[in-house]
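A.B. asks: Sharing a structure here in structure tokens format.
The values are calculated or read from the model by the stated rules, or taken from the named source; none is laboratory data. What you are looking at is a predicted structure, and each value in this text was computed from that prediction instead of being measured. Backbone-built Cβ (ideal geometry, glycine too); neighbour counts: all protein chains shown.
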Amino acid sequence: MKQIPFEKMYHLLEDVTPLPIDCGHLCGSKCCTEWESGVGVYLLPGEEQFFRDKDWCEVVELPQGEHPFPGAKSYLMLCRGTCPRPQRPLLCRTFPLAARLEGDKTRVDFDYDGLMICPLVKLGEMEYLDPKFIGRVEAVWIVLAGFEPIRGYIEKYTARLESERKQPWRRLFPY
């Protein structure tokens, strides 16, 4: 499997944030804390190597049946308090956005799995986000979609979104 250029992806996202202010003031930095016991963030295949020896987090391998990245070992990073911001994993850097497919194109939209913790996802209005942030996140996801396990992850997420959009409870939310 070819290697994901993590350092390049981290660099693209190091100076952009969803809002021109610290969006953590809106929610008490909920996405940057262990808001529920055992909650963590997926690490992309190969990304676990950057977090194994850190004292501020724990890397846990997921059981075979729970791998979100088809064909690759999968890991969850559990934070122990607050992580050093420059050392965040990619899925933290791209939140509250997630990749989805529109035909064969990779696009970004709100990560609807963050609906219960992020006021920006609840708002559902992309125009409030910094356009530079949106552009950089989309550029990163376009590169990441070229890696087979991550493409599979995006495909599964897109299929789940499409299935859920047909559910009656979705009419309760603005997106």
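A.B. asks: If I filter the range 95-128 down to residues being touching a helix residue (DSSP H, G or I) at 6+ places or on another chain (Cβ under 7 Å) and assigned to a loop (DSSP other than H, G, I, E, B), which single residue comes out as nearest to Leu161 (Cα to Cα)?
C.D. replies: Top of the filtered list is Asp111.
A.B. asks: Of all residues in the range 70-85, which are in a loop (DSSP other than H, G, I, E, B) and under 14 Å from Leu43 (Cα atoms)?
C.D. replies: Within the range 70-85, Pro70, Ala72, Lys73, Ser74 meet the criteria.
A.B. asks: Counting only residues that are without any contact (Cβ under 8 Å) to a residue 12 or more places away in the chain and either more than 30 Å from Ile4 (Cα to Cα) or surrounded by 11 or more Cβ atoms within 10 Å (Cβ to Cβ) (or both), how many does the range 128-163 have?
C.D. replies: Going through the range 128-163 one residue at a time, the tally reaches 6.
A.B. asks: Test Pro96 against the criterion of being closer than 23 Å to Tyr10 by Cα, touching a residue at least 40 places away in the same chain (Cβ under 8 Å) and surrounded by fewer than 16 Cβ atoms within 10 Å (Cβ to Cβ), and give yes or no.
C.D. replies: On the way: closer than 23 Å to Tyr10 by Cα: yes; touching a residue at least 40 places away in the same chain (Cβ under 8 Å): yes; surrounded by fewer than 16 Cβ atoms within 10 Å (Cβ to Cβ): no.
No.
A.B. asks: Shifting gears a bit: Can you tell me which condition Lys54 does not meet? The list is (1) basic (Lys, Arg); (2) exposed (fewer than 15 other Cβ atoms within 10 Å of the Cβ); (3) not assigned by TED's automatic domain parsing to the domain that holds Gly146, and all the others hold.
C.D. replies: All conditions are met except number (2).
A.B. asks: So, in the range 129-144, of the ones that are assigned to a helix (DSSP H, G or I) and among the charged types (D, E, K, R), which residue ends up nearest to the chain's Cα centre (by Cα)?
C.D. replies: First, pick out the residues of the range 129-144 that are assigned to a helix (DSSP H, G or I): 131-144.
Next cut, among the charged types (D, E, K, R) only: 132, 136, 138.
Values: Lys132: 17, Arg136: 13, Glu138: 12 Å.
Going through the qualifying residues, I end up with Glu138.
This table checks each residue for (1) polar (S, T, N, Q); (2) surrounded by 14 or more Cβ atoms within 10 Å (Cβ to Cβ); (3) closer than 29 Å to Pro131 by Cα.
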| site | (1), (2), (3) |
| --- | --- |
| Ile21 | no, no, yes |
| Val41 | no, yes, yes |
| Phe50 | no, yes, yes |
| Glu66 | no, no, no |
| Cys79 | no, yes, yes |
| Arg85 | no, no, yes |
| Val108 | no, yes, yes |
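A.B. asks: Could you grab me the full set of residues in the range 160-175 that are more than 17 Å from the chain's Cα centre (by Cα) and part of a helix (DSSP H, G or I)?
C.D. replies: Glu162, Ser163, Glu164, Arg165, Pro168, Trp169, Arg170, Arg171, Leu172
A.B. asks: Answer with yes or no whether Leu19 is at pLDDT 95 or above and not β-branched (Val, Ile, Thr).
C.D. replies: no
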